[in-house]
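Peer 1: There's a structure below that I have some questions on.
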Amino acid sequence: MASSLRVPSQESLLDRPLPFDQVDDLVKLQKASQKINSILDLDRLVDKVVNEIARSFGCLDSDIYLHNAERGELELVCAHGCTGCELHGPGHSLKIGRGMVGYVASTGQMHYAPDVRKEPHYVGCEESTLSEVAIPLHVEGKLVGVFTASHTDLDAFSPCQLRLLQALCSDVAVAVHNARRFRHEQRQREHLSREAHEARTIQQALLPKSSPVIPGFSVSGLSMPVGAVGGDWYDFIPLDGGRWGLVLADVSGKGTAAALLMSATRGMLRSLAEAACTPGEVLTRLNRLLVEDFPAGRFVTMVYAVLDPAKRTVTFANAGHLRPLVMSGGVPQFLDAEKGIPLGLGPSEFSEVQAALPEGSRLVFYSDGITEAANGDGEEYGQERLQQHVSQPSASAESLLEDVRTFASVDGLQDDASVIFIKG
């Protein structure tokens, strides 16, 4: 997210000659300036400003009002010493043009009232106030707010002190602007984080709650997104005759957009699968829908299979996805389908492949986040390591993803990783 933080003016307060008795004030204000320029928390910043200045000048009251451009008002964000202002509390607002604060906001110029009793723009708050100064806070010609300081003495602020306050307020304006931008961006990040968390919760709810119970087979699935949400998903769909539809897919792209497309595709697929179509017919019909609905450049790779436990066979169609790995009799084989481009790109037919799953066999559907996971040397996990892991007696969906994660530990996974693991 781009930042709009500003750099304070480099003009030194020492550019003009100061009387010796004002050096102490200068040192105090320079220290205050250094402190405020390092604070990005808006509440702490304004509190620091008004209290430092009140102490330095022995003021009765010092306040900061910030400009609300949308409402055309000035909102009190911090007050020190003024019983009336502290009673109103933060959020008290003034219309531009009203009182010395509003007058300064409208003119863009400092205004000093050495005797508030003779000041037509002064709006009384503390009876003991006799002099007051209001200074606009500007950044690049735009009004940020107004700073005010009042005193119980007549003409309490010397020309030199007014000059010092003006110089300090230049830094205050920049510091306040930076703190407001920081708060705005922080809130945006928090909002996006909450949205991502909600999206992840919804997406996780769309994944199977548990593995299906299929006589003669052990079936499990697992998905690990690299971000809060991802475009991978898998599903187990109960069909008639004790058969099960198995799907593993990868929507192009990442993040919320991919997750939305994944959710839409999942709903369409489930509807078509439950209509008792064959895998090739399901993908053909699904592709027609996605070609019409998907944004340009978006697509889905998918393998959809029907497991028939009674016949101990699996029949699948492949839409541009990675080839399933079957291991029977200790021999690994990647199963090819002749026809099938990714869904959503254009018209296509999808051929079907049938494979036997005798006892002791294994079948694995996986996403490219597994085979393309790279270690610190840029070496990919690859199909050979996949075969080696699947051949281990204790291999499972969990152990495979853990092995991939360990392999890519230097840089971590760069893409969503999903797997369906079937043991016959």
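The values are calculated or read from the model by the stated rules, or taken from the named source; none is laboratory data. As the structure is a prediction and not an experimental result, all values here were calculated from the model. Positions of Cβ are generated from backbone atoms using ideal geometry, with glycine treated the same way; all protein chains shown enter the neighbour counts.
Peer 1: Could you please let me know if Arg163 is within 38 Å of the chain's Cα centre (by Cα), modelled with pLDDT under 90 and not hydrophobic (A, V, I, L, M, F, W, C)?
Peer 2: Criteria not met by Arg163.
Peer 1: Just checking, how many residues over the range 123-155 are without any contact (Cβ under 8 Å) to a residue 24 or more places away in the chain and outside any strand (DSSP E or B)?
Peer 2: Total satisfying the criteria: 4.
Peer 1: Which residue is surrounded by the most Cβ atoms within 10 Å (Cβ to Cβ), if the candidates are limited to the range 356-402 and must be assigned to a helix (DSSP H, G or I) and small (Gly, Ala, Ser)?
Peer 2: Across the range 356-402, the extreme among qualifying residues is Gly369.
Peer 1: Go through (1) without any contact (Cβ under 8 Å) to a residue 24 or more places away in the chain; (2) not in a loop (DSSP other than H, G, I, E, B) and name the single condition Pro120 misses.
Peer 2: (2)
Peer 1: Which strands (runs of 3 or more DSSP E) does the range 274-348 wholly contain that include 2 or more residues that are of a type outside the set (Gly, Ala, Ser) and out of contact with any helix residue (DSSP H, G or I) (no Cβ under 8 Å at 6 or more places or on another chain)?
Peer 2: Of the strands (runs of 3 or more DSSP E) lying wholly inside the range 274-348, those with at least 2 residues that are of a type outside the set (Gly, Ala, Ser) and out of contact with any helix residue (DSSP H, G or I) (no Cβ under 8 Å at 6 or more places or on another chain) span 300-308, 313-319, 331-334.
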